[in-house]
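K.L.:
Supplied in structure tokens, the structure appears directly below.
The values are calculated or read from the model by the stated rules, or taken from the named source; none is laboratory data. Because the structure is a prediction, the values reported are computed rather than measured. When we count neighbours, we look across all protein chains shown, and the Cβ atoms used for this are built from the backbone with ideal geometry, even at glycine. Side chains are part of the model used for accessible areas, which takes the heavy atoms of the whole protein and leaves out ligands, DNA and RNA. Shrake-Rupley method; radii C 1.70, N 1.55, O 1.52, S 1.80 Å.
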Amino acid sequence: SKMGELRVCSVLVTGANRGIGLGLVQHLLGLPNPPKWVFAACRDPEGQRAQVRPGWDAAGCAGDGGTGQHVGEEKGVGEQLGGSGLNLLINNAAMLICNTLDTETLESMTQVYTTNTIGPMLLSQAFLPLLKKAAQGSPGSALPGSERICNKPAIVNMSSSGGSIKDVYLFDRAPVLSYRCSKAALNMLTKCQSLGYREHGVLCVALHPGWVQTDMGGSGSQKPPLTVDDSVRGMLKVLCSLSEKDTGTFLDWEGNVVPW
């Protein structure tokens, strides 16, 4: 399978205690050539709902995607990596509050935006030195089109077609105002990062995982069509084929371009 082509030395996944984040860590560790390092980051590694620890060759990296407490963890990750840099940062941690235009509040809007948009920004800032270090270890300082994501470090921001201003996917069924605004802002962050980090040899993409059967995605009355396994398999396949021409794009789990 094409999944086997994804060869990276080190990956950090946030929100790895459940859902898509947990699925990503499990699939990465199950690859024919798994990464040497998988850092599974979650808000409360010791909590009841955290499933990342037992029997895994993964470093538990505590950090709240929302408050910035995770910043500082990069020192421990850097020590573990021993100078080789970080190949892949997957900003997956997110939250959703089911508010409408009429019920949205300052508090919930701030909380969701802080977690879904500011968290990925701060994490990317914190881990940029390690991503740059990985880029320096890659062949060639520029980003020729033939260089794929497995050879170039990358930031993957887990977005949603719910944040697409053109599509406004499922608005009638799930207005989720703060979530949509935060993901639209995350898309802009991704675009800015792709322009700002290009000189460092770091790719940046926004990924829509599909509507997935998770605690967050399945909280409504209708069952989402996608399993975590199908979504993660698809996204890892997409990551295999990404190159410099894809930096700054918004893609779904099947590799299709999602309109901004």
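K.L.:
Name every residue in region 210-253 that is at pLDDT 95 or above and part of a loop (DSSP other than H, G, I, E, B), in order of residue number.
P.N.:
Of everything in region 210-253, those that are at pLDDT 95 or above and part of a loop (DSSP other than H, G, I, E, B) turn out to be T247, G248, T249, W253.
K.L.:
State the number of residues belonging to region 11-34 that are surrounded by fewer than 22 Cβ atoms within 10 Å (Cβ to Cβ) and more than 18 Å from L96 (Cβ to Cβ).
P.N.:
Residues flagged as surrounded by fewer than 22 Cβ atoms within 10 Å (Cβ to Cβ) and more than 18 Å from L96 (Cβ to Cβ) within region 11-34 amount to 8.
K.L.:
A further question on this structure: Given the options E79, E46, name the one that is modelled with pLDDT under 80 and more than 16 Å from D229 (Cα to Cα).
P.N.:
Numbers: E79 fails: modelled with pLDDT under 80.
When all the criteria are applied, what remains is E46.
K.L.:
Something else about it: For residues that are in a helix (DSSP H, G or I) and in contact (Cβ under 8 Å) with a residue 24 or more places away in the chain, scanning just region 84-111, find the one that is most open to solvent (accessible area, probe 1.4 Å).
P.N.:
Quick first cut of region 84-111, residues in a helix (DSSP H, G or I) only: 106-111.
Applying the additional criterion that residues be in contact (Cβ under 8 Å) with a residue 24 or more places away in the chain yields 108-109, 111.
Numbers: S108: 10, M109: 64, Q111: 98 Å².
That would be Q111.
K.L.:
Give the residues of region 126-139 that are free of Cβ contacts under 8 Å to residues at least 24 places away in the same chain and either at positive phi or not in a loop (DSSP other than H, G, I, E, B) (or both), sorted by residue number. Please lay out each step first, then the result.
P.N.:
Just the residues of region 126-139 that are free of Cβ contacts under 8 Å to residues at least 24 places away in the same chain, to begin with: 139.
Listed by number, the list is empty, since nothing qualifies.
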